[in-house]
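Remarks on the structure that follows.
The values are calculated or read from the model by the stated rules, or taken from the named source; none is laboratory data. Keep in mind that this is a model prediction, so the values were computed, not measured. Here Cβ is always computed from backbone atoms with ideal geometry, including for glycine, and neighbour counts include all displayed protein chains. Side chains included, ligands, DNA and RNA excluded: accessible areas come from the protein's heavy atoms. Shrake-Rupley method; radii C 1.70, N 1.55, O 1.52, S 1.80 Å.
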Amino acid sequence: AQSVTQPDIHITVSEGASLELRCNYSYGATPYLFWYVQSPGQGLQLLLKYFSGDTLVQGIKGFEAEFKRSQSSFNLRKPSVHWSDAAEYFCAVGAPRNSGAGSYQLTFGKGTKLSVIP
Amino acid sequence: GAGVSQSPSNKVTEKGKDVELRCDPISGHTALYWYRQSLGQGLEFLIYFQGNSAPDKSGLPSDRFSAERTGGSVSTLTIQRTQQEDSAVYLCASSSPPRAWDSPLHFGNGTRLTVT
């Protein structure tokens, strides 16, 4: 079974500083990888996803993530953080289901809460 | 267009009572997921519906939990004889297979359940 580890429960950065949120996954084959963001009281919004091809993927809101197979990692980065980026971030790994063509089982990490100092 | 809609947004219930949580997926989405989000625990998969296939109930924590999806659209998650440990945010998501690459999950805002 697949699993996801987000080592950092809470990170605080100053506005304008760079950001890297760590994600490590466990899965036997090439996974689908996702980053979601959850603002307070809101559902989860997809930031970016990786399935195959270029290992550096660009997402919305200026985020990017790099898939490193050798390290089983999919870290999320942003060069300059804005106060509005304060939220909780979830990494997820998707494994194809046997039933339901094209659908997948999505397993989430426990999340990293990001605080931004003005 | 409309996103995934969940109701109620908040529910407070007494221990031992039954509750029903509703999810309206995005129109045309054939896959529907329920997750539970507890403080500091991330998202826990509960159940998955895909079209007319048998649902994947492997994540339901006990037989007090059940879910149905009527007409391939609206879903109801029912928790019987609620316990305090059931307090959490229950999130619904939908997607549109079969192309998994193009079908990320779209989440509702969740129902916050508090069992007193």
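The table for this structure:
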{"item": "Of residues in region A:32-59 being part of a strand (DSSP E or B) and of a type in the set (F, W, Y), the one nearest to B:L91 (Cα to Cα)", "result": "A:Y36"}
{"item": "Total residues in region A:15-26, condition open to solvent by less than 60 Å² (accessible area, probe 1.4 Å) and farther than 27 Å from A:F51 by Cβ", "result": "2"}
{"item": "Those residues of region A:73-99 which are crowded, with 16+ Cβ neighbours inside 10 Å, of a type in the set (G, A, S) and outside any strand (DSSP E or B), in sequence order", "result": "A:A86"}
{"item": "Whichever residue in region B:1-34 is hydroxyl-bearing (S, T, Y) and in contact with a Gly (Cβ under 8 Å, 6 or more places away or on another chain) and, among such residues, is nearest to B:V89 (Cα to Cα)", "result": "B:S9"}
{"item": "Residue check for A:Q42: open to solvent by 10 Å² or more (accessible area, probe 1.4 Å), of a type outside the set (V, I, T), closer than 27 Å to B:A54 by Cα and out of contact with any His (no Cβ under 9 Å at 6 or more places or on another chain)", "result": "no"}
{"item": "Residue match in region A:47-64 (condition: polar (S, T, N, Q) and closer than 22 Å to B:G42 by Cα)", "result": "no"}
{"item": "So A:Y36, is it more than 23 Å from A:I9 (Cβ to Cβ) and within 13 Å of chain B (Cβ to nearest Cβ)", "result": "no"}
